[in-house]
Amino acid sequence: MNKKVKKWYDYLWIWSIIYFVLGFFNILCAWLGMIDFVVPLIFAIVGHNKNFCNTYCGRGQLFRKIGNDYKCSRKNQAPSWIASKWFRYGFLIFFLTMFGNMIYQTYLVAAGATGLKEVVKLLWTFKVPWGWAYTTGAVADWIAQFSFGFYSLMLTSTIIGLFVMMLYKPRTWCTFCPMGTMTQSICKIKNDNDQVKL
Amino acid sequence: MAKRYAEVNKNRCVACGECMYVCLKGAIKIIHGRYALSNSDKCIGCGLCEKSCPAGCITMMHREQVSE
């Protein structure tokens, strides 16, 4: 059988690692994660495709790398409900609600109603002090608050992804990834009447 | 021609593209970001896509089953 030639975009898993390392030392780097939010939407809305998930998603590649190459995945088939529509859309709604809450917290800090919280919240529950990654007053408080909130979201989704990677197949996270669900929905709406050509 | 070929359940497919990535023959494509589609003429029936599919929506079919 032929062996595939690796292209530059096959190494984007390194970007995922760099992102979390940067955020560990400087929380403001969490803003770079917006790339992973905006680019898939641009692909879906403008290009009507899921090329980001298919080719450029560093996180998906990271799960594949750790799961396959480092044999950290049991490679079991995940329960069918994980890829079911109600779970995917339910998780998307939950995720967007949590994202909205994070934006609201940022707003409260910007409005001066509450102070900056230098913590990273894991799994939307556990507060982990993260003060070393930010020098107070370096930027406006709301910018820093968004960074902590966004990094929490990114780290939480990676932890969930790693957990299901270990239990099931490496890219099980992709079956209910909120961005994947959202972009697939956009593609379904945009491409409803397109002809299929192989 | 191979005895088996991959068939994708479009309704369950999440279009993650893992099958397309592992396919050594380029027999699978993601159609408009909606679902994966396997070209049975190109498929060599190796089953790599079935093994890698996280949504479990790929089944290896026997060629005989096509004519049935």
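For this structure, a couple of remarks:
- Annotation: of all residues in the range A:132-150 being surrounded by 14 or more Cβ atoms within 10 Å (Cβ to Cβ) and without any contact (Cβ under 8 Å) to a residue 60 or more places away in the chain, the one that is farthest from the chain's Cα centre (by Cα) is A:141.
- Out of B:37, B:24, sole residue that is out of contact with any Gly (no Cβ under 7 Å at 6 or more places or on another chain), under 26 Å from residue A:178 (Cα atoms) and not in a helix (DSSP H, G or I): B:37
- Complete set of residues in the range B:11-59 that are of a type in the set (Lys, Arg), free of Cβ contacts under 8 Å to residues at least 40 places away in the same chain and within 24 Å of residue A:173 (Cα to Cα): B:29, B:34, B:51
- Tallying residues that are within 13 Å of chain B (Cβ to nearest Cβ) and surrounded by 18 or more Cβ atoms within 10 Å (Cβ to Cβ) within the range A:79-104 yields 4.
Each row is one residue, and each column tells you yes or no for (1) in a loop (DSSP other than H, G, I, E, B); (2) of a type in the set (Asp, Glu); (3) in contact with an Asp or Glu (Cβ under 9 Å, 6 or more places away or on another chain); (4) closer than 27 Å to residue A:44 by Cβ.
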residue	(1), (2), (3), (4)
A:116	yes, no, yes, no
A:127	no, no, no, no
A:155	no, no, no, yes
A:158	no, no, no, yes
A:166	no, no, no, no
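- Contacts under 9 angstrom Cβ, first residue in the range A:91-104 being in contact (Cβ under 8 Å) with a residue 40 or more places away in the chain, partner surrounded by fewer than 17 Cβ atoms within 10 Å (Cβ to Cβ) and polar (S, T, N, Q), 6 or more apart: A:92/A:185
Coordinate-derived values only; no laboratory data. Predicted model, so just to flag it, every value in this text is computed and none were measured. In this analysis, Cβ positions are derived from the backbone assuming ideal geometry, glycine residues included, and neighbour counts consider all displayed protein chains.
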